[in-house]
Number of protein chains: 2
Amino acid sequence: MQAEFLQAESASGSPSLAAALRQRRQRLATLISVPVVLWSGQSPSRNFPANSYPFRASSHFLYFAGLNLPKAAIALQGSHLTLFWDEPTPAEVLWHGPGPTRSQLAEQIGADDARPLADLEQYCAGAATIAVQDSTTRQQQEKLLGRSLVAPKLAQEPDRALVGAIAQVRLCHDDLALAEMRRAAQVTRRAHAAGRAATATATTEAEVRAAMEQVILAADMTPAYSSIVTVHGEVLHNCHYGHRLEPGDLLLADVGAETPLGWAADMTRTWPVSGQFSPTQCDIYDIVQAAHDRCIEAIAPGVEYREIHLLAARVLAEGLVSLGILCGAPEELVEQDAHALFFPHGVGHLLGLDVHDMEDLGDLAGYEPGRTRSDRFGLCYLRLDRPLRPGMVVTVEPGFYQIPALLQDPEKRDRYSALVNWDRLAGFADVRGIRIEDDVLVTATGVEVLTE
Amino acid sequence: MQAEFLQAESASGSPSLAAALRQRRQRLATLISVPVVLWSGQSPSRNFPANSYPFRASSHFLYFAGLNLPKAAIALQGSHLTLFWDEPTPAEVLWHGPGPTRSQLAEQIGADDARPLADLEQYCAGAATIAVQDSTTRQQQEKLLGRSLVAPKLAQEPDRALVGAIAQVRLCHDDLALAEMRRAAQVTRRAHAAGRAATATATTEAEVRAAMEQVILAADMTPAYSSIVTVHGEVLHNCHYGHRLEPGDLLLADVGAETPLGWAADMTRTWPVSGQFSPTQCDIYDIVQAAHDRCIEAIAPGVEYREIHLLAARVLAEGLVSLGILCGAPEELVEQDAHALFFPHGVGHLLGLDVHDMEDLGDLAGYEPGRTRSDRFGLCYLRLDRPLRPGMVVTVEPGFYQIPALLQDPEKRDRYSALVNWDRLAGFADVRGIRIEDDVLVTATGVEVLTE
């Protein structure tokens, strides 16, 4: 494992890891005055203790430490960094091989000091932290800090101040992060190309998924999230791959890579299994594509992301009106959330170390201070409500779905009875789910689409 | 997810799931008199709560319930089975799609009753259980049972009786299990063939790993454990794939598939990157192959697995003597654990739902009652010490490794100074690690090698 850290740095072609990490710490230090301790966590067990899931360090640790190193912690006092980690025992070296020393790791990340974990306790007095995902480490956090921890989005002081500061620091990406995200996006594009090519001969969803993830694994990356590769795109979080591919099906693939330092891509394409859209599939695809393109054109510094979401909704509503599926003025249809019958999720989210970046912080990251989630059916799933700023990476992922749980819901059918032409909609039964998703970097002058 | 359970059953071509599960319950009922409650567990979070690792139910739940169903439990009263599970809420159906009802699942597995989770508490009085791996569920177990739980290998009554009974029931496999394990082995063989083929053009370990796991994913299975695909086979638990392949390297691939119902294969092959062994690699490979073959020939009902381990050690010692690397009589070299300098692990382990089957039960599963681990360097890592019985599946995986942590250890060099010809050994520097591993079913008359 250790060997890989060193390779990841040199292979990335990115700016010096140590210098970039130092800048991150300096930015944090301007926003928070208490000491900070962040833990990396450890792998949870799968079916028995020695058969663990692949380790993935806490994103907050990764951001400031740049090491996918289990059972480690860092203390930040101002911009002064101490790395805490125990070198492997001789028995561990026997099974896991030799690796860098604590000092070598510390040097790699520009740490000012490096100590065994036993020394960590004396750095914990009054320190702020963020709870990691694995409960074993969380118990260690609580023991050393002498207090109980809650989910970051519910944190009280001093942790709440840290949550706010980290959200601010991680919101706009630096060159190191962008270099990593471009690498993830490049591999992800190749995975999608492989999936599309494999569809010509594949007989099941599983075969297409395998062709896509092969590209990611071959690049020594991992899927950033459970891939969605399905002919039932209307099941929004569908992580099963058992269906056979039929000639009239659309295949929706939402697959993204993550680099060894943890930076993610998130990309969706939808293509016809046969290679040819039916006329009805083509009609709807064009509408989703138009929504996608119009949203990306509209992205610029200062634009409210919520307006991007509403633009997607309006373009979808316009298109569905033009096809005779919705009836009325597009603006009014959106105000009544009629678009959400077919597009119930938000147009996207922050992207970074997490595929929903900083989602563990809840809306403290995604929502501008003072803003809260809407109750509206057409807005309540919007994960990001901030003005866009240079350095932010967001996804743009409009979609069209025929979800029985929504379209067959008596309350919804009643509420939208005058706005939907159900007979007309029945003619589009071969369009179960379409989504087109790209990763968009906001630049000073406009955008860079990482996944294109 | 639910759709997949139903498919897994029908696709397996195995005996009726419900009937086989009923037989398992009946066997358990003859061995334990207290009621039993088993939980399936839930997925741990990766970097944020909604981005979880793929779900894998507790093996004990899977064995008796046959469903990879999160947040579920079963109560066994004699052979009477009650399934506890809450059907998805409308919001969950919106995101995760429709699935079978509780009654449908209950019928599929031959449950006698099916109830919501809220009813589980009344089944917990005096019940025995086994702690699952994820701590969220473990807390629920403790709350409902009103007592704290420890690792199964440390369990006290009534759980200890259950551990013993389950170890006895799961030790020898029924037809359903064997049908699943043959499917896993078949896909695993194809994965190894793909890895070997990919090596011709691959430039990194990661590319070979990707080619192997693609086969597993395309079959809608998952890797049963973190694949080892490395040119540094001497790092025994090496789960990193960053090395470039060089013409003189040996590539060691330890990769196995797991079926949707959780049954595992575990297979290792070692091949030359160039397609051609060097003479020194060929010499050592032949010795490991001989140990592998002789062990499989020796396996039969009634044979002690420990003797299989010692046979592997003896054949390796004989070979190393013939090459002039070890000096002395092979039997005496094994008695002095000199083989363990190059073969420090056990010759194999139980295989079933877990790749180290029932390892969560510790040596209560792997060791015949009354036996304990040896302190000997050459035996202390032996995971299985029982007489072999028909229906047991064991791995046979002798190996040869040049592990610096062992061979450079001053204490070891001193202890074995007269038994190792270090100069001669230096001539074999291009043999860092070789392992050959197959999965062997003990039959009434001999063996069936599942992975061959």
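Which of the three applies to the protein assembly as shown, rounded, prolate or oblate, going by the alpha-carbon gyration tensor with a ≥ b ≥ c and a/c under 1.5 meaning rounded? Because a/c hits 1.5 or more and a/b exceeds b/c, the protein assembly as shown counts as prolate. Semi-axes of the equivalent ellipsoid for segment A:343-414, computed as √(5λ) from the eigenvalues of its C-alpha gyration tensor and ordered from largest down, come to 27, 14, 10 Å. Fewest-first ordering of B:T137, A:T101 by other beta carbons within 10 Å of each residue's beta carbon gives A:T101, B:T137. Once both labels are positioned 7 Å from their Cα atoms along Cα-to-Cβ, the gap between B:H237 and A:R389 label points is 4.3 nm. Beta bridges from DSSP with both residues in the protein assembly as shown: antiparallel share about 90 percent, rounded to the nearest 5. Placing a label point 7 Å from the Cα of B:A300 along the Cα-to-Cβ direction, the distances to the matching points in the other copies come to 8.5 nm, shortest first. The average projected area of segment B:216-365, computed from the convex hull of its Cα atoms over all directions, is 11.0 nm².
Given R0 = 56 Å, the distance between the Cβ atoms of B:Q104 and A:E87 translates into a calculated FRET efficiency of 0.60. As a calculated quantity, the FRET efficiency between B:E332 and B:D286 at R0 = 22 Å, using C-beta atoms, amounts to about 0.45.
The share of C-alpha pairs in segment B:321-451 whose separation exceeds 18 Å stands at 61 percent. Taking 0.36 nm per residue of sequence separation and removing the Cα-Cα distance, the A:A298/A:T445 pair yields an extension gain of 51.8 nm. Normalising the average separation of contacting C-alpha pairs (under 8 angstrom, six or more residues apart) by the number of residues puts the relative contact order of chain A at 15 percent. Which residues does a label at B:L117 reach in segment B:29-55, if reach means a backbone N under 19 Å from a point 7 Å past the Cα toward the Cβ? What the label zone holds, given the 19 Å backbone N cut-off, is B:37-46, B:49-55. With q set to 0.07, 0.10 Å⁻¹, the log10 of I(q)/I(0) for segment B:175-449, from the Debye formula over equal scatterers at the Cα positions, is -0.24, -0.50.
Here segment A:2-171 has an Rg and Dmax of 15.7, 44 Å, counting Cα atoms alone. Label point 7 Å out from A:N421 along Cα-to-Cβ: which residues of segment A:240-283 have amide N under 19 Å? Output list for this probe position: A:279-283. From least to most packed, judged by other beta carbons within 10 angstrom and beginning with the fewest, B:V431, B:V449, B:V420 follow the order B:V449, B:V420, B:V431. By the count of neighbouring beta-carbon atoms within 10 Å, fewest first, B:T199, B:T82, B:T89, A:T280 end up ordered B:T89, A:T280, B:T82, B:T199. In the assembly of identical copies, B:Q276 has its label point, taken 7 Å from Cα in the direction of the beta carbon, separated from the corresponding points by 5.2 nm (ascending, one decimal). Per-residue shielding of B:231-241, expressed as the average number of other chain Cβ atoms within 10 Å of the residue Cβ, stands at 4.
When the helices of chain A are scored as -39500 (n - 2.57) per DSSP H run of n ≥ 4 and the total is divided over every residue, the value at 222 nm lands at -11500 deg cm²/dmol. Simple point charges give the picture: +1 on the Cβ of Lys and Arg, -1 on the Cβ of Asp and Glu, and for segment A:294-384 a dipole about the Cα centre of about 140 debye. When B:G78 is represented by a point 7 angstrom out along its Cα-to-C-beta vector, the spacings to that point in the other copies are 7.6 nm, nearest first. Of interest is the spacing of the C-alpha centroids, which for segment B:172-191 and segment B:152-168 amounts to 27 Å.
Bridge orientation summary for segment A:2-171: considering DSSP beta bridges with both residues in this region, about 75 percent are antiparallel. Charge tally around A:E307: other residues with Cβ under 12 Å, Lys/Arg +1 each, Asp/Glu -1 each, net +2.
Placing a pseudo-label 7 Å from each Cα along the Cα-to-Cβ vector at B:S148 and A:T136 gives an inter-label distance of 1.8 nm.
Each residue of segment A:319-380 gets 104 Å³ once the volume of the Cα convex hull is shared out per residue.
Coordinate-derived values only; no laboratory data. Computed from a predicted model, the values in this text were never measured in an experiment. Ideal geometry is used to build each Cβ from the backbone, glycine not excepted, and the neighbour counts take in all protein chains shown.
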